[in-house]
Amino acid sequence: VVDQIRLWQIEGERMKATGGFLFKDFVTAEEYDNLANYADEVGVLVWRSDKRRMFFVTRHEQIAAYLRNRPKKLT
Amino acid sequence: MPKAVKGVLVQCDPSIKAIILKIDALDHDFIVEDLDDQTLVVKESKLVELKQRLEDELSNTQQMPEESGSE
């Protein structure tokens with residue numbers, strides 16, 4: 001698992017590179033909110049866009065476990 | 001179901017990001033997702049090459065400020 005943050009000094013400009021995973025393709029805002037908020041709570045969230053329903057995390061294990069363990073919705 | 005894509009989140013100045021877009025435009029082999037004007041996700045395996053190309057690009061710009069981009 002890559003879990004690192006690198007800073008590059010390029011011509012006086014700072015550039016930050018963080019290894020991890022981009023979550024996308026959420027069907028509903030509710031599902032996006034739930035998962036992004038969970039990622040924030042467990043401290044792996046580094047970037048999010050509510051408008052685009054995408055977020056970036058440094059680790060995905062806890063997110064995957066959360067998805068597996070959450071109660072199934074009745075359809 | 002949402003999708004999780006492995007990559008490297010790059011957060012930088014908009015001017016640096018514009019150069020990354022230009023580098024990627026050649027073969028579309030660096031960027032995984034363009035997020036906003038200061039943020040994008042790139043392939044982890046291409047990060048070192050991207051950094052090298054960025055540095056090349058920046059030193060070229062300095063040497064030839066008014067050259068009509070022959071690349």
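Computed from the coordinates by the stated procedures, all read-outs in this text should not be read as laboratory data. Since the model is a prediction, treat every value here as computed from it, not as a measurement. Note: ideal-geometry Cβ built from the backbone for every residue, glycine included; neighbour counts use all protein chains shown.
From the phi of every residue in the range B:13-29, what ³J(HN,Hα) in whole Hz does the Karplus formula 6.51 cos²θ - 1.76 cosθ + 1.60 yield, where θ is phi - 60° and glycine or proline is x?
5, x, 5, 5, 4, 4, 5, 4, 4, 5, 5, 5, 4, 5, 9, 6, 10
How much net charge surrounds A:Ala36 when only other residues with a Cβ under 15 Å from its Cβ are counted (Lys, Arg +1; Asp, Glu -1)?
Numbers: positive: A:Lys24, A:Arg48, A:Lys51, A:Arg52, A:Arg53, A:Arg59, A:Arg70, B:Lys3; negative: A:Asp25, A:Glu30, A:Glu31, A:Asp33, A:Asp40, A:Glu41, A:Asp50.
Around A:Ala36, the charge tally is +1.
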